[in-house]
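Asks: Have a look at the structure that comes next, please.
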Amino acid sequence: MRAALSALLALAALAVAACARPRADESTLIIALPTFSDSTFLPWTGGGQRKGFLDPIYDYLCIINPETGEPGPGLAESWTTSADGKVWTFSLRKGVQFQRGYGEVTSADVAYSIKQVMSPASRAGPASPLRRLIKSIETPDAYTVIINLNRPDPELAKGYLANAQQVGIVSAKYVGEVGERAANATPVGSGPYQLDFFRRDSEIRLKVREDKANIWREAPQFERLVFLAAPEVSTRVAMLKTGEADIAPMSYDDIDDVRQAGLQVRSIPQSWSPVVRMGGLVQEGARYEAKNPWADVRVRQAMNYAIDKDTIIRRIFHGEGRIAASDTPVEAWADLPPYPYDPAKARQLLTEAGYPDGFTLTLKTFTTNPGAELPTVAQAVALYWRAVGIKVSIELIDWTSLRTAWTSGAARTYVWTHRGFPFTSAQNGLEAGFEAKSLFASYNTPQLQVLIDAHSAELDPAKRRALLTDIGQYLRDQAGNVFIAHINEPYAVSSKVGDWTITSSNALNFEHIVRAPGQAAQ
Amino acid sequence: MTRLILTRLAEALVSLLLMSVVVFMLARLTGDPVAVLLGDGATQADKAALTKELGLDKSLPVQYFIFLGHALQGDLGTSIMGDKSPAMQLVLERLPYSLLLASVSLIIALGIGVPLGVAAAVHRGRAVDTGARVLALLGQSIPPFWLGLVLIYVFAVQLGWFRTSGFGGPDRIVLPAITMALFSLAAIVRLIRSSMIEGLTSEYVKLARAKGLSEPAVIWEHAFRNSVFPVVSFMGAFFATMITGAVVIETIFAWPGVGRLALDSILRRDFAVIQAVVLAITTLYIAMNLAVDLIHAWLDPRVREAAR
């Protein structure tokens with residue numbers, strides 16, 4: 001009886017708590033996301049999908065200029081690099097205060113934050129490459145951080161330490177005082193917003209930090225940012241239509257409907273890139289499979305020529321993208337000529353490679369976010385390949401199963417759809433996707449590794465760019481993947497939202513969204 | 001009655017033990033959580049270190065006995081995700097939300113299904129019976145994901161009567177509760193109707209009428225009381241399903257219940273959470289079956305006699 005009463009009381013408490021949820025008002029910006037990934041708030045306790053709600057809380061050493069793609073001052077006012085590119089010295093902005101009275105941001109906080117992100121226990125995306133890259137961190141005074149590298153990285157400020165990556169600066173004193181578990185639930189950063197409330201995998205409410213005078217970035221225009229997890233895309237669009245949300249990623253099929261409903265559609269340009277990876281193309285030990293038909297470059301080229309990418313962009317993505325010659329959008333690769341749609345050339349190359357009647361392969365595919373369209377892309381690709389003689393068996397699996405096979409080296413004898421993401425530092429992208437060391441490499445040859453190593457070691461900007469272009473050209477000519485498109489990611493947006501400058505899919509800048517003209521001030 | 005409860009509890013322990021073995025092994029056959037956690041550019045050395053950190057470098061039997069040893073002390077392990085929360089804590093955080101939704105659904109299903117089923121049986125062959133049968137057919141054949149989206153479109157987007165989704169007020173629970181209730185409502189209508197039709201033609205009902213009892217007394221005190229057993233059995237099992245198996249409804253309505261936790265943990269191969277969810281579900285089923293037995297015994301003196 002007592003247990004039953006307790007249960008009833010708990011339910012009643014829930015019902016009362018339910019009524020406490022704030023309704024949308026002009027000073028609140030509500031963002032509906034498909035997932036929070038996981039509801040943790042320390043930079044090193046999860047992946048980059050959390051950046052939408054972490055970036056308003058934390059600051060970064062450098063901030064990427066959305067217009068130029070180059071790094072500008074963040075917590076670091078300036079920085080210098082040694083002649084050999086192995087020593088970076090950052091000078092910190094003075095007087096920046098952590099939230100909740102945890103004092104000034106100092107070099108000790110920066111060193112602590114970087115070390116936590118690169119620690120073996122870290123769940124952050126760049127943990128592994130950072131461990132290989134950073135040799136030691138020195139803090140000669142409260143406002144100077146010296147980072148010693150194991151090898152040159154001329155793009156450190158643009159890459160791992162900028163706001164498109166995951167090294168948000170936390171208060172070392174705070175985490176030390178309350179412990180990691182408590183700090184994970186109640187984060188303390190130096191950004192303009194602080195956590196107000198969260199319900200795991202359901203709702204996160206941020207409010208402008210209580211000590212507003214200590215906001216050093218531009219003052220936020222919305223008093224509250226509310227993030228709601230809404231996995232179903234139709235529900236998210238309905239939330240926009242009813243005014244329950246102001247911003248939500250949407251499907252390409254909903255674009256016309258959303259516009260007809262009087263809502264705006266804003267797209268993150270070149271947010272992700274559908275691509276087909278081919279197993280067994282990493283020429284390193286057991287990961288290489290010479291027996292695959294696509295081990296022959298002519299076959300891989302044929303697989304690229306066979307696909308009408310323009311039709312895929314128009315029909316599946318409603319024109320939101322452009323044909324690609326690479327798996328991620330890199331500025332130095334923008335002029336690479338994509339493989340044109342040429343089925344005759346594809347058949348000719350297959351014949352030259354010894355496959356006049358084509359061959360059979362398995363194409364695995366999955367849905368992800370963004371990337372719900374990957375199975376549809378797989379069907380289109382299969383039809384185009386069938387037209388030139390490549391018979392395709394499509395297998396729908398879940399992403400984790402594929403990751404398991406990929407990282408264990410078992411994904412050698414089939415091909416799979418995947419999504420490429422933009423990196424503000426092309427070098428970071430190469431390290432993840434094409435370096436032989438990376439378990440997520442999809443293509444690597446000794447020649448490519450030489451080029452990547454040369455690019456990594458080169459400090460002269462012009463020569464670096466030339467080497468990067470060579471790498472892109474090599475990957476394109478060798479058809480390291482089946483490149484399809486760089487796709488924009490559409491968001492449904494309410495009339496409350498004015499200027500919204502998006503740096504990239506990894507830096508959405510919700511905290512800097514400007515109220516639309518005519519909307520009431522807070 | 002005590003013997004009945006003790007027997008059921010003994011059976012429950014065996015069921016939980018068997019279920020723990022099955023879930024433990026099956027979860028590990030489907031994929032590797034290390035692959036989920038590895039970041040960009042991770043190497044073979046990173047993978048080996050993470051495998052060791054998660055204890056997945058040991059053989060399956062060793063892993064199982066470590067798990068069992070901890071489980072017997074009430075520790076079902078921690079999530080592999082960021083804050084490494086205790087797995088059972090994650091389940092218990094979600095359970096009240098699922099319980100709330102399932103309870104409201106149950107009230108709707110019983111509140112509409114029982115009177116409608118009785119009315120359909122009493123007025124067999126007439127309009128109310130036809131309406132009830134059509135509702136039952138629709139309720140059991142309409143997919144919840146479709147119904148949920150239609151309800152959102154009509155009642156939230158077009159009419160603005162309710163919120164589309166999420167947890168946070170009475171106007172957010174109505175639509176998911178109706179979506180969830182419809183299937184069980186349809187089943188209740190069918191079960192009550194068929195049982196009542198049988199009861200209304202039985203000898204004891206004829207006797208009640210011959211004794212001059214009013215028609216409402218005949219229907220509710222005699223026919224209905226004997227017709228309610230199949231519904232109790234059905235709802236006992238189905239209530240547990242409503243609490244734990246509402247993945248589709250929780251996804252459409254962004255409801256933070258156990259179903260979504262189960263799905264997310266399966267997709268991430270978060271073994272500790274999968275195990276905690278399944279063990280919680282199993283316990284819930286066992287508890288509901290026990291509750292059904294006790295309700296049967298309370299309603300039916302013959303069951304009480306048999307248990308003595």
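The values are calculated or read from the model by the stated rules, or taken from the named source; none is laboratory data. Bear in mind that the values here come from a model prediction, so they are computed numbers and not experimental data. Using ideal geometry, Cβ is built from the backbone for each residue, glycine included, and neighbour counts are taken over all protein chains shown.
Asks: List the pairs whose first member sits in the range B:77-92 and is in contact (Cβ under 8 Å) with a residue 24 or more places away in the chain, whose second member is surrounded by fewer than 21 Cβ atoms within 10 Å (Cβ to Cβ) and among the aromatic types (Phe, Trp, Tyr), and whose Cβ atoms are under 8 Å apart, counting only residues at least 6 apart or on separate chains?
Replies: From residues that are in contact (Cβ under 8 Å) with a residue 24 or more places away in the chain, the pairs are B:77/B:67.
Asks: Given (1) of a type in the set (A, V, I, L, M, F, W, C); (2) part of a helix (DSSP H, G or I); (3) surrounded by 17 or more Cβ atoms within 10 Å (Cβ to Cβ), where does residue A:361 come up short, assuming only one miss?
Replies: (2)
Asks: Could you go through the range A:144-155 and let me know if any residue there is of a type in the set (Lys, Arg) and either buried (at least 23 other Cβ atoms within 10 Å of the Cβ) or under 24 Å from residue A:421 (Cα atoms) (or both).
Replies: Within the range A:144-155, none of the residues are of a type in the set (Lys, Arg) and either buried (at least 23 other Cβ atoms within 10 Å of the Cβ) or under 24 Å from residue A:421 (Cα atoms) (or both).
Asks: Could you pull out the residue among B:111, B:77 that is closer than 27 Å to residue B:256 by Cα and surrounded by fewer than 19 Cβ atoms within 10 Å (Cβ to Cβ)?
Replies: None of the others qualify; the one that does is B:111.
Asks: What are the residues in the range B:117-154 that are more than 23 Å from residue B:242 (Cβ to Cβ), of a type outside the set (Gly, Ala, Ser) and in a loop (DSSP other than H, G, I, E, B), if any?
Replies: B:123, B:124, B:126
Asks: Quick test for you: out of B:62, B:36, pick the one residue that is outside any loop (DSSP other than H, G, I, E, B), within 14 Å of chain A (Cβ to nearest Cβ) and under 20 Å from residue B:24 (Cβ atoms).
Replies: On inspection, the qualifying residue turns out to be B:36.
Asks: Quick one: in the range B:43-59, which of the residues that are small (Gly, Ala, Ser) and more than 10 Å from chain A (Cβ to nearest Cβ) is surrounded by the fewest Cβ atoms within 10 Å (Cβ to Cβ)? Write out each step before concluding.
Replies: Of the range B:43-59, the ones small (Gly, Ala, Ser) are B:45, B:48-49, B:55, B:59.
Okay, now just the ones that are also more than 10 Å from chain A (Cβ to nearest Cβ), so B:48, B:55, B:59.
Numbers: B:48: 12, B:55: 13, B:59: 8.
Out of the qualifying residues, it is B:59.
Asks: A follow-up question, please. Which members of the range A:412-440 meet the condition of being more than 11 Å from every other protein chain (Cβ to nearest Cβ), outside any strand (DSSP E or B) and either of a type in the set (S, T, N, Q) or in contact with a strand residue (DSSP E or B) (Cβ under 9 Å, 6 or more places away or on another chain) (or both)?
Replies: Result: A:412, A:413, A:414, A:422, A:424, A:425.
Asks: Looking at (1) under 30 Å from residue A:349 (Cα atoms); (2) surrounded by 23 or more Cβ atoms within 10 Å (Cβ to Cβ), which is the only condition residue A:468 fails?
Replies: (2)
Asks: Determine which member of the set B:159, B:149, B:213, B:175 is closer than 29 Å to residue A:204 by Cα and more than 24 Å from the chain's Cα centre (by Cα).
Replies: Going through B:159, B:149, B:213, B:175 in turn, the sole match is B:159.
Asks: I'd like to know if the range A:296-310 contains one or more residues that are within 26 Å of the chain's Cα centre (by Cα), under 30 Å from residue A:233 (Cβ atoms) and surrounded by fewer than 20 Cβ atoms within 10 Å (Cβ to Cβ).
Replies: Within the range A:296-310, one or more residues are within 26 Å of the chain's Cα centre (by Cα), under 30 Å from residue A:233 (Cβ atoms) and surrounded by fewer than 20 Cβ atoms within 10 Å (Cβ to Cβ).
Asks: Still on this structure: Could you list, in sequence order, all residues of the range B:275-303 that are surrounded by 15 or more Cβ atoms within 10 Å (Cβ to Cβ) and of a type in the set (D, E, K, R)?
Replies: If the condition is that a residue be surrounded by 15 or more Cβ atoms within 10 Å (Cβ to Cβ) and of a type in the set (D, E, K, R), then B:293, B:300 are the ones that fit.
Asks: Regarding residue A:191, is this residue closer than 22 Å to residue A:170 by Cα and not aromatic (Phe, Trp, Tyr)?
Replies: Yes; evaluated as a whole, the condition is true for this residue.
Asks: One residue is enough: does the range B:243-261 have a residue meeting the conditions more than 10 Å from chain A (Cβ to nearest Cβ), modelled with pLDDT under 85 and part of a helix (DSSP H, G or I)?
Replies: The answer is yes; a qualifying residue exists.
Asks: Given B:40, B:32, which one is charged (D, E, K, R) and touching a residue at least 12 places away in the same chain (Cβ under 8 Å)?
Replies: B:32
Asks: Take residues that are under 30 Å from residue A:197 (Cβ atoms) and tell me which of the helices (runs of 4 or more DSSP H) falling wholly in the range A:50-154 contain 2 or more. Don't jump to the end; show me each part of the working.
Replies: Working: elements: A:51-54, A:107-117, A:127-133.
Once the helices (runs of 4 or more DSSP H) in the range A:50-154 are filtered for at least 2 residues that are under 30 Å from residue A:197 (Cβ atoms), what remains is A:51-54, A:107-117.
Asks: Just the residues that are surrounded by 24 or more Cβ atoms within 10 Å (Cβ to Cβ) and closer than 17 Å to residue A:502 by Cβ, please, taken from the range A:57-70.
Replies: Listed by number, the residues that qualify are A:60, A:64.
Asks: Restricting the search to the range A:441-460, which residues are within 13 Å of chain B (Cβ to nearest Cβ) and in contact (Cβ under 8 Å) with a residue 24 or more places away in the chain?
Replies: Quick first cut of the range A:441-460, residues within 13 Å of chain B (Cβ to nearest Cβ) only: A:441-442, A:444, A:452, A:456.
Selection gives A:441, A:442, A:444, A:456.
Asks: Further question on the same structure: Filter the range A:477-493 down to residues that are assigned to a loop (DSSP other than H, G, I, E, B) and crowded, with 22+ Cβ neighbours inside 10 Å, then give me how many there are.
Replies: Qualifying residue count for the region: 4.
Asks: Output the number of residues of the range A:455-465 satisfying the condition of being in contact with a Leu (Cβ under 9 Å, 6 or more places away or on another chain) and surrounded by fewer than 19 Cβ atoms within 10 Å (Cβ to Cβ).
Replies: Matching residues across the range A:455-465 total 1.
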